[in-house]
Amino acid sequence: MARVYNFSAGPACLPEPVLKKAASELVEYPQAGMSVMEMSHRSKAFEGIITRAEQLLRELMNIPDNYHVLFLQGGASLQFSMVPLNLFGKSKKADFVHTGEWTKKAIPESKRYGTVNIIASSEDKKFSYIPKLDKNTFNPDADFFYICSNNTIEGTRYHTYPDTGEVPLVADMSSHILSEVIDVSKFGVIFAGAQKNIGPAGVTVVIIRNDLVGSALDITPTMLNYATHVKDKSLFNTPPTYSIYMAMLVFEWLKDLGGVAAMESINRTKANLLYGFLDSSDLFKSPVSKEDRSLMNVPFVTGNDELDKKFIAEAGKQGLVQLSGHRSVGGMRASIYNAMPLEGVQKLVDFMKQFEMENKK
Ligand code: PMP
């Protein structure tokens, strides 16, 4: 069977050249005589891999020197607990902007250890937009201010980030890290599960400003304390070695392509193609407010459940797969992460046009 265009929200498609490179090194990593999967995490060869992965990520995201880069486990979901356990050092208060399923999951974890103020929410319109924020509502003594910068399920993203002054801004960037240029210095903590734009599942990247490490709550388990992983450079225990190696290959691929700015330009072309069609279509609609649309996750509907099902089934036969919307919202969703080529989006749009012609009301 030929490779399909995989629009999955995650684990998602990986760049084909990366998969081929990994395949060529699967059995014998150069000069090591063994697979990366068989290597000690304390070996020279693996040290080279994790150091290079960090160095490439720093370069790609222009991460300032006063930030640590960590490769952790537990998925982005574990960060919902690690963030409050490590950052509730003073007032034990946090401001949250509630924008969808992933903040819904993060909020209760912070509530276990402190006070959560939901300063804005888009729940009134099924999270179809990013709320406008009023600085006067921010709590100046909060220990952190939390956002999910790209909402994977709802298909929204922040186009500008709140100015939180002295309060560290924490962003769950799981579904759009490395897709557009961002200024890391505006954030206290950035975290992202790997399985969209970084590599296979199993590793979570955390980028944290130095001064935010070291004041975790006393109850914090050793493994959940950022200080543990900073001290041992993500090698306190056995890290997900193969996932880190794959991330290194993805970072190399992205660098060769011209870096994040070049990637952003391709991503904009892909997104414009799809949104442009959605806005001109009589059959398909985007439920997301125009100014808040994600470049990565594009939900769309026909308004008719039966027709949605037919679309998904027929698209699958054309090699356009994983187009179902999240089980909580239904409809369709095309995730067009970094590794989705422009041709994949073009093929999807061509198919949508054809489907519309054949299924006119
Ligand atoms: N946050 C966002 C924005 C996500 O999209 C996801 C996963 N799709 C998560 C958190 C949870 O990630 P994980 O499965 O790695 O815990």
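Here are the numbers for this structure:
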{"read-out": "Gain in span if fully extended, K360 to M223, counting 0.36 nm per residue against the direct Cα distance", "value": "43.7 nm"}
{"read-out": "Cα convex hull of segment 282-361, projected area averaged across orientations, nm²", "value": "5.5 nm²"}
{"read-out": "All lysines inside 16 Å of K93 as judged from Cα atoms, apart from same-chain residues fewer than 8 positions distant", "value": "K111"}
{"read-out": "Counting DSSP beta bridges with both ends in the chain, the antiparallel % (nearest 5)", "value": "55 percent"}
{"read-out": "Isotropic mean projected area of the C-alpha convex hull, the chain (nm²)", "value": "18.2 nm²"}
{"read-out": "Accessible solvent surface per residue of the chain, calculated while the other protein chains remain in place, 1.4 angstrom probe, Å²", "value": "44 Å²"}
{"read-out": "Cross-link partners of K285 among lysines (Cα-Cα below 22 Å; sequence separation of 8 or more within a chain)", "value": "K125, K126, K270, K309, K310, K347, K353, K360, K361"}
{"read-out": "Electrostatic dipole magnitude of the chain [Cβ: Lys, Arg +1; Asp, Glu -1; Cα centre; debye, to 20]", "value": "420 debye"}
{"read-out": "Relative contact order of segment 253-361, defined on C-alpha pairs under 8 angstrom at six or more residues apart (%)", "value": "27 percent"}
{"read-out": "At 1.002 mPa s and 20 °C, Stokes diffusion of segment 222-294 via Kirkwood alpha-carbon radius, µm² per second", "value": "132 µm²/s"}
{"read-out": "Apportionment of accessible area to carbon and sulfur, the chain, percent (1.4 Å)", "value": "52 percent"}
{"read-out": "Segment 36-58 residues near the modelled L235 label - backbone nitrogen below 15 Å, point 7 Å along Cα→Cβ", "value": "39-55"}
{"read-out": "Of the DSSP H helices in the chain, those whose Cα atoms cover at least 27 Å axially and whose Kyte score averages -0.5 or more", "value": "259-280"}
{"read-out": "Segment 94-122 and segment 221-245: distance between their alpha carbon centers, rounded to Å", "value": "26 Å"}
{"read-out": "Mean residue ellipticity (222 nm) of the chain, computed from DSSP H runs ≥ 4 via -39,500 (n - 2.57), nearest 500", "value": "-11000 deg cm²/dmol"}
{"read-out": "For segment 2-20 versus segment 173-216, the gap between their alpha-carbon centres in whole angstrom", "value": "22 Å"}
{"read-out": "Length-normalised contact order of the chain in % [C-alpha pairs under 8 Å, at least 6 apart]", "value": "24 percent"}
{"read-out": "Relative contact order (%) - criterion: Cα under 8 Å, at least six apart; region: segment 1-154", "value": "19 percent"}
{"read-out": "Within a Gaussian network of the chain (alpha carbon springs, distance under 10 Å), most fluctuating of H41, H176, H98", "value": "H41"}
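The values are calculated or read from the model by the stated rules, or taken from the named source; none is laboratory data. In this text the structure is predicted, and so the values were computed from the model without any measurement. So basically every Cβ, Gly included, is an ideal-geometry build from the backbone, and we count neighbours across all protein chains shown. Keep in mind that these areas ignore ligands, DNA and RNA; they rest on the heavy atoms of the full protein, side chains included. Shrake-Rupley method; radii C 1.70, N 1.55, O 1.52, S 1.80 Å.
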